[in-house]
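S.K.: There's a structure below that I have some questions on.
We did not get these values from a lab; they are worked out from the coordinates using the rules stated. What you are looking at is a predicted structure, and each value in this text was computed from that prediction instead of being measured. In this analysis, Cβ positions are derived from the backbone assuming ideal geometry, glycine residues included, and neighbour counts consider all displayed protein chains.
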Amino acid sequence: MTTYSSPSITVLTTHCIYFDVSHSEQTILETQKKVWALAQLCQQSGDFIDVVPANNNLTLYLNDPLRLQYWLSALNEHWLEVSLLKFNSTHHKLPTRYGGVHGPDIKHVAHYHNLSVDDVVQLHSSGTYHVLFLGFQPGFAYLSGLDKKLYTPRRSDPRTSVPKGSVAIGGEQTGIYPETSPGGWQIIGHTDFKLFDINAPSPCAFAPGDTIEFTIKEVLS
Amino acid sequence: MITVVKPGMQMSIQDQGRTGSRHLGIGQSGCIDPYAQIICNRLVGNPDNCPVLEITLGLAEIKFDNDYYIALHGTDMKATVNGNPIQPGWSYYIKKGDVLKLNAARHGFRSYLAIGGIWQLPTPILGSYSTDLTAKFGGLHGNALNPGDSIDITPQYKTKIGLGAMLPPKSTHIRVYEGPHNKLLSKQSLDKFTNHSWHISPSSNRMGARLSSDECKLEHALSLPSMAVMPGSIQLPPSGEPIVLLNDAQTTGGYPLLGTVIEADLRHFAQLKPGDFLHFEFVSLNEAIKAQQKLTSHLNQLKIALEYKNKQ
């Protein structure tokens, strides 16, 4: 049976609890799977305005500060009991155009690792990525699962404008820009998949815990 | 309808902001001083969460194409209607064609304008009309208001006019509840944080109040896993100059937290302008709860008083 280190639980303010398991001995992804399951349990309790998972931690915003003491004492038990099996998530396939005008940095990434552009495309599109959490800007997903062979430092000179839908690598992570914004990641491709539409009833395509796969739509030279 | 003739430094449509989507990276937005918003809305007979205009620094001008009840609250911008002075905290009856002018704020930074009636705005986003100036959505067009922008407001005259209501006093003494990283930061840093006064730096905005001090910096080399942040979170970047996150802040961050501004004191950041000094004090959770109860009872008393006046 997998054992988990005991979480650290702190009060941030009258209606806010911080649950931290980032010191866990498990891998980030293994721990995060349990964090998602705990987040879902908390969400379903109806006691919270917001339940926000981040990097192996969870922040809980209470509707009623009078429930603070209850949750402070109950969280540990829920953490021990929460079942990974009950967690529901969605798998997304993102058709991606790699290289060319859509991926101006793919040659740099290939060169950096002594790989061909095709190798980069194969490595990147063969992985299954987990949405660890969202943040930085609306709809931006922090993904785990990038092949170590593709870890590439960010650009020394960040771009002032990266087009919406750009698929990029920044250090040990890969990600997709939900909106056109400044950015320093290496752009390797582009997807038309709509990540974020503020006017839609549920504006964000991804939720924490979802899985993602990039499928090859086109490779341009 | 009302038309923005001059928006001044920044004028935006805000209500109490959006909740329930922080896990998708969508922040809160909303009035930095929600109490000013609620009080001026009540003075004109609007529901508490009706949108208002948040006006920063002043030097603004608005033209009214209808008869309206209006009330300003927040800092005094020496407002006039057709040249006649009007006071913050009082409701007025404005005639069609009248022009409201706001001069520069001298002792504060933000003023809130409530206009009695139904605001005909684009469909609210995730339950709120607030403009998210960072992510660029909400309000009229996702941005601060420009000269010539018009807002369609169907007037309603549902309350007695000429009534006044005080705002709880402002302060530069900010109470803070301890953060989750107090054991990682040195005791010396935490002492310095509360023993020195800080000033608001010019690069501050609705995302955050950036602080600096001539006397001290709290440099560190800590790198932490990202965690959720919210309005009131006091981030400490490696430069050692703290940032108090405000309503348009992002939802996650990786800097250590010095603490969280207690909910009751967050409103003070509406009136702190670049160059203003402030200082911090760590308080107990109990004090944070009591401060919040005090504000809630202030609003409850106002509600009773207004109901009584309206029956007279």
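S.K.: Return the single residue from B:N143, B:N66, B:N84 with maximal mean-square fluctuation; model: Gaussian network over chain B, springs between Cα atoms under 10 Å.
M.R.: Per the Cα network of chain B with a 10 Å cutoff, B:N84 tops the list.
S.K.: Which of A:Y177, B:Y112, A:Y142 comes first, and how do the rest follow, when ranked by fewest Cβ neighbours within 10 Å? Walk me through the numbers on the way to the answer.
M.R.: Working: A:Y177 24, B:Y112 28, A:Y142 21.
Fewest-to-most Cβ neighbours within 10 Å comes out as A:Y142, A:Y177, B:Y112.
S.K.: Quick one: Cα convex hull volume of the protein assembly as shown, Å³ per residue? Mind dumping the intermediate values first?
M.R.: On the way: hull volume 83.0 nm³, N = 533.
Cα-based convex hull of the protein assembly as shown, divided per residue, equals 156 Å³.
S.K.: Here's something else I'd like to know. Count charges around A:H92 for me, please; just the other residues with Cβ under 9 Å from its Cβ, Lys/Arg as +1, Asp/Glu as -1. Intermediate results must be reported in sequence, preceding the final value.
M.R.: Numbers: positive: A:K93; negative: A:D210, A:E213.
Local charge sum for A:H92: -1.
S.K.: Moving to a separate point now. In a shell of Cβ-Cβ distance under 14 Å around A:I49, excluding A:I49 itself, what net charge do Lys and Arg (+1) and Asp and Glu (-1) give?
M.R.: Spelling it out: positives minus negatives among the neighbours equals -1.
S.K.: Right, here's the next one. How big is the equivalent ellipsoid of the range A:132-221 along its three axes, where each semi-axis is √(5λ) from the Cα gyration tensor, reported in whole Å from largest to smallest?
M.R.: Values: eigenvalues 81, 47, 40 Å².
The three semi-axes for the range A:132-221 are 20, 15, 14 Å.
S.K.: In percent, how large is the relative contact order of chain B, given Cα pairs closer than 8 Å and 6 or more residues apart? Mind showing how you got there, number by number?
M.R.: Working: 794 pairs, mean separation 62.4, N = 312.
Here the relative contact order equals 20 percent.
S.K.: Take the Cα atoms of the range B:173-289, find their three principal axes, and give me the spread along each one in whole Å, biggest first.
M.R.: 32, 32, 27
S.K.: Could you work out the mean count of beta carbons from other protein chains within 10 Å of each residue's beta carbon in B:173-182? Working shown, then result.
M.R.: Numbers: counts 0, 0, 0, 1, 5, 4, 4, 9, 2, 1.
Average per residue, whole number: 3.
S.K.: Please report the spacing between the Cα centers of the range A:1-62 and the range A:129-143 in Å, no decimals.
M.R.: 16 Å
S.K.: Continuing with this model, one more query. From the P(r) of the range B:84-163, could you give the percentage of C-alpha pairs in the tail past 15 Å?
M.R.: Tail of P(r) above 15 Å: 69 percent of Cα pairs.
S.K.: In deg cm²/dmol and to the nearest 500, what is the mean residue ellipticity at 222 nm of the protein assembly as shown if only DSSP H runs of at least 4 residues count, each as -39500 (n - 2.57), divided by the residue total? Walk me through the numbers before you get to the answer.
M.R.: Details: 7 runs with 94 residues, N = 533.
Helix contribution divided over all residues of the protein assembly as shown: -5500 deg cm²/dmol.
S.K.: From the alpha carbon gyration tensor of chain B, can you work out the equivalent ellipsoid semi-axes (sqrt of 5 times each eigenvalue) and give them in Å, largest to smallest? Numbers along the way, then the final one.
M.R.: Working: eigenvalues 247, 80, 66 Å².
Ellipsoid semi-axes (Å, largest first): 35, 20, 18.
S.K.: While we're on this one: With only alpha-carbon atoms in the gyration tensor, what are the semi-axes of the equivalent ellipsoid for the range A:8-86, in Å, largest first? Intermediate results must be reported in sequence, preceding the final value.
M.R.: Details: eigenvalues 80, 35, 23 Å².
The equivalent ellipsoid of the range A:8-86 has semi-axes of 20, 13, 11 Å.
S.K.: Would you mind giving the mean number of other chain beta-carbons within 10 Å of the Cβ of each residue in B:228-238, as a whole number?
M.R.: Taking the mean over all residues of the peptide, I get 3.
S.K.: Let me ask something else. Around A:H124, with a cut-off of 12 angstrom between Cβ atoms, what is the net charge of the other residues, counting Lys and Arg +1 and Asp and Glu -1? It would help to have the intermediate numbers written out before the result.
M.R.: Values: positive: A:K149; negative: A:D118, A:D119, A:D147, A:E213.
Spelling it out: positives minus negatives among the neighbours equals -3.
S.K.: Under 23 Å between alpha carbons, and skipping anything fewer than 8 positions from A:K86 in its own chain: which lysines qualify?
M.R.: Straight-distance partners of A:K86: A:K33, A:K34.
S.K.: What does the average come to when, for each residue of peptide B:126-139, you count the partner chain Cβ atoms lying within 10 Å of its Cβ?
M.R.: Other-chain Cβ atoms within 10 Å of each residue's Cβ, averaged: 2.
S.K.: Most mobile of A:T96, A:T180, A:T59 per a Gaussian network model of chain A (Cα springs, under 10 Å)?
M.R.: Highest fluctuation among the options: A:T180.
S.K.: Cut-off under 17 Å on the C-alpha distance; same-chain residues fewer than 8 positions from A:K107 excluded. Which lysines are left, in chain and number order?
M.R.: Output for A:K107: A:K149.
S.K.: Among A:S166, A:S24, A:S144, whose mean-square fluctuation peaks in a Gaussian network model of chain A (Cα, cutoff 10 Å)?
M.R.: Per the Cα network of chain A with a 10 Å cutoff, A:S24 tops the list.
S.K.: If you don't mind, another one. Ranking B:S204, B:S130 by Cβ neighbours within 10 Å, fewest first, what do you get?
M.R.: On the way: B:S204 20, B:S130 28.
Starting with the residue having the fewest Cβ neighbours, the order is B:S204, B:S130.
S.K.: Only counting other Cβ atoms within 10 Å, I'd like A:C204, B:C31 sorted with the fewest neighbours first. Mind dumping the intermediate values first?
M.R.: Details: A:C204 22, B:C31 25.
Lowest to highest Cβ neighbour count: A:C204, B:C31.
S.K.: Same structure again: Could you work out the mean projected area of the convex hull around the alpha carbons of chain A, in square nanometres to one decimal?
M.R.: Details: hull surface 54.1 nm².
Answer in nm², one decimal: 13.5.
S.K.: Which whole-number percent of Cα pairs in the range B:160-210 have a distance greater than 18 Å?
M.R.: Working: 752 of 1275 pairs.
Every Cα pair in the range B:160-210 considered, those over 18 Å come to 59 percent.
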